[in-house]
Structure formats: structure tokens, C-alpha cells
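**Student:** A single structure is presented below for examination.
Nothing in this text is a laboratory measurement; each read-out follows from the coordinates by a stated rule. What you are looking at is a predicted structure, and each value in this text was computed from that prediction instead of being measured. Heads up, the Cβs are rebuilt from the backbone with ideal geometry, glycines too, and the neighbour counts pull from every protein chain shown.
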Amino acid sequence: MDRFGFSISKGRQIDYDANSRHIAEFISEREPSFRVCIECGCCSATCTTGNFTSFSLRELQILMKRGENEKVRENIKKCMLCGKCTLVCPRGVNTRNVVTLARQAFQKFPANAV
Ligand code: SF4
Ligand code: SF4
């Protein structure tokens, strides 16, 4: 086979049927504003933790809604709960509460549990 110095990226599909959205549902039931996020990224732009690390609340919220929870489980503890993101959110998402509920959900549903 000829090699051209590049490779084709692996397919990247989101399988909503196979993914478990239990973490996102746990949050939505208790904090309905979680549903109205438009993924603008203002929260990440102002984030205290994000200023010093690759932590992105916008990314973590998107992943939870897709049911791709493992990266969120690893990173959600990095939030310092300062609340700056809540102040700037144009949709009025109570992001601080979203983080708090996400932490509760990951305690309630251990890794690999549905
Ligand atoms: S600032 Fe609000 S609307 Fe924008 S990504 Fe963050 S939570 Fe979503
Ligand atoms: S509460 Fe957490 S996610 Fe929001 S700005 Fe502060 S450190 Fe970032």
C-alpha cells in the first residue's frame, strides 16, 4: 500500500442509543437551566480553573449531554466552585449548581454503572 505521509482519521460518531445519559438526566431533573445552555463558551472563557489548566466547563457539559461521561468524571473535581461562570452565562444557567450536581451524580453512579 502506498504511504502519502498522512493517515485517515478514525470515524467519530456519537452513538446516543449506546451511550448512557443518566448523569445529564440526574442534573436536568434537579437543575432545569442545564437544558438551555447554547454552548457559547462564556463560562469557559471566564473560568478561574480554565485560566491555568485545560479545564472547560463548556466541553464537560457537552460531553455529559452526549452521555460521554468518563472525561467529565476525571475532570469535574478541578472546578473551584467560585461561581464566576454563573455570573456571565447569557442563558442564566446555574453552572455552579450544575457542577455540584454532576459531582453528586458521579458519586451516586460509580464508573461503569448505568
Ligand atoms: S456560558 Fe452558559 S450558555 Fe454559554 S456554554 Fe456556559 S453554560 Fe452554556
Ligand atoms: S465555578 Fe468552576 S467552572 Fe465556574 S468559573 Fe469557577 S472554577 Fe470555573
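**Student:** Between helix 95-108 and the chain, what is the angle of the helix's C-alpha long axis to the longest principal axis, kept within 0 to 90° and rounded to the nearest 10?
**Tutor:** 70
**Student:** Just rank THR48, THR95, THR86, fewest to most, by other beta-carbon atoms within 10 angstrom.
**Tutor:** Listed from fewest to most nearby Cβ atoms, that is THR48, THR86, THR95.
**Student:** Helix 57-66 sits at what angle to the longest principal axis of the chain, using alpha carbons and giving 0 to 90 degrees rounded to 10?
**Tutor:** Around 70 degrees separate the two axes.
**Student:** Provide ARG30, ARG96 in ascending order of the number of other Cβ atoms located within 10 Å of each residue's Cβ, fewest first.
**Tutor:** Final ranking by Cβ density, sparse to dense: ARG30, ARG96.
**Student:** Between GLU74 and SER7, what's the calculated FRET efficiency when r is the beta-carbon distance and R0 is 30 Å? Round to 0.05.
**Tutor:** It comes out at approximately 0.65.
**Student:** Can you give the Kirkwood hydrodynamic radius of region 22-108 from its Cα pairs, in Å with one decimal? Show your work: numbers first, answer last.
**Tutor:** On the way: mean 1/r = 0.0796 Å⁻¹.
Over region 22-108, the inverse of the mean reciprocal pair distance is 12.6 Å.
**Student:** Still on this structure: Compute all pairwise cysteine Cβ distances in the chain, then list the cysteines with no distance under 4.7 Å to another cysteine.
**Tutor:** CYS37, CYS40, CYS42, CYS47, CYS79, CYS82, CYS89
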